[in-house]
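The next block holds one structure in the form of structure tokens; read it before the comments.
The values are calculated or read from the model by the stated rules, or taken from the named source; none is laboratory data. All values derive from a computational prediction rather than experimental measurement. So basically every Cβ, Gly included, is an ideal-geometry build from the backbone, and we count neighbours across all protein chains shown. Side chains included, ligands, DNA and RNA excluded: accessible areas come from the protein's heavy atoms. Shrake-Rupley method; radii C 1.70, N 1.55, O 1.52, S 1.80 Å.
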Amino acid sequence: MNLRKLIFGLLLLSIALNGISLLLMAATGRTPAVMTPLTTLVVFLFAVLHAGASYGWRRGLILLAIVVATGLAFESVGVASGAVYGPYHYTDQLGPKFLGLVPFLIPVAWFMMIYPSFRIVDQLATRIIPRGFWRGVLTAGLAAVAMTAWDLAMDPMMVMAGHWVWEQPGAYFGVPIQNFWGWWLTTFTALALYQLVLRWLPGNDETTPPVAWAVLSYAVMGVTTVATDFMVGLSGPGMVGVFAMLPWVAIGWINSRPK
């Protein structure tokens, strides 16, 4: 199968799975437990293939490795010590855990959303600072903001669903404010490391597949999260998610249009 068609097919499948989840939530008030890992894995695979096809497989896989390793390291330290995001622990709902601490699905989810956040911001940063050290810093910093915008809508919903528990519920709909600093720091660290490694990696960015597909992936996950918030009575996080994520969707869509 043509790689471009496969990537597009995974994007369509992810849209369908998110749509099914919303329909089931609207009809029954819940979604089957399998939908979360299934959707996450499909969107993750889309992101991996899109990255490989866009950056070349060496750079794409190194980005994957750095994001997964960084996310797993920060999460493991966070669960063990409470030092990164605040004191919390995962329940058993997300499957087997690394060292009994972090579900293996979690670093997969980090890449699933860090990648489209990075692609959205990378285009913007190029317009502001075409090259050099500060371009990398700007890209990592703003991509971390775009990534954290999703968690503003997602975290309260996942806590309500019982996927993880805050030992000391915080001021943001039960979530500690420290958590969002931790999200920003995790994403910034992963992408800053990648920007450093990128200097020694050969290859040029390709124009295929379209960046707009990554933007759409970010938007679909955002819409699904926000819509679910409203369905389960979390209108506050839902509204925050709209205003936090919509600017990044708009920026990504405008910058990804053919010149």
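What is the gain in length, in nm to one decimal, between L38 and A212 on full extension, counting 0.36 nm per residue of separation less the C-alpha to C-alpha distance? Provide the component values of the computation, followed by the final result.
Numbers: separation 174, 0.36 × 174 = 62.64 nm, distance 2.30 nm.
Between L38 and A212, full extension yields an extra 60.3 nm.
Each of the peptides 125-133, 231-239 was scored by the mean count of other Cβ atoms within 10 Å over its residues; in descending order, highest first, they stand as 231-239, 125-133. Could you tell me what percent of the accessible area of the chain is made up of carbon and sulfur, with a 1.4 Å probe and every protein chain present? Roughly 71 percent of what the probe reaches on the chain is carbon or sulfur.
When the helices of the chain are scored as -39500 (n - 2.57) per DSSP H run of n ≥ 4 and the total is divided over every residue, the value at 222 nm lands at -25500 deg cm²/dmol.
Largest first and in whole Å, the equivalent-ellipsoid semi-axes of the range 119-185 read 31, 11, 7, each the square root of five times a Cα gyration tensor eigenvalue. Given the range 1-75, what whole percent of its Cα pairs are spread farther than 17 Å? Of all Cα-Cα pairs in the range 1-75, 56 percent lie more than 17 Å apart. Measuring r between the beta carbons of R4 and R127 and using R0 = 22 Å, the FRET efficiency lands at 0.25. Centroid-to-centroid, using Cα positions, the range 90-158 and the range 210-231 are 14 Å apart. Taking 0.36 nm per residue of sequence separation and removing the Cα-Cα distance, the L101/A27 pair yields an extension gain of 23.2 nm.
Just to confirm a number: summing +1 for Lys and Arg and -1 for Asp and Glu over residues other than W200 whose beta-carbon lies under 13 angstrom from that of W200, what do you get?
Working: positive: R58, R59, R199; negative: none.
Around W200, the charge tally is +3.
In the complete set of protein chains, residue-level accessible area for V215 is approximately 0 Å², probe 1.4 angstrom. Scanning residues 5 or more positions from F98 or on other chains, those with amide H under 5 Å from its amide H are F104, with H placed 1.01 Å from N in the peptide plane.
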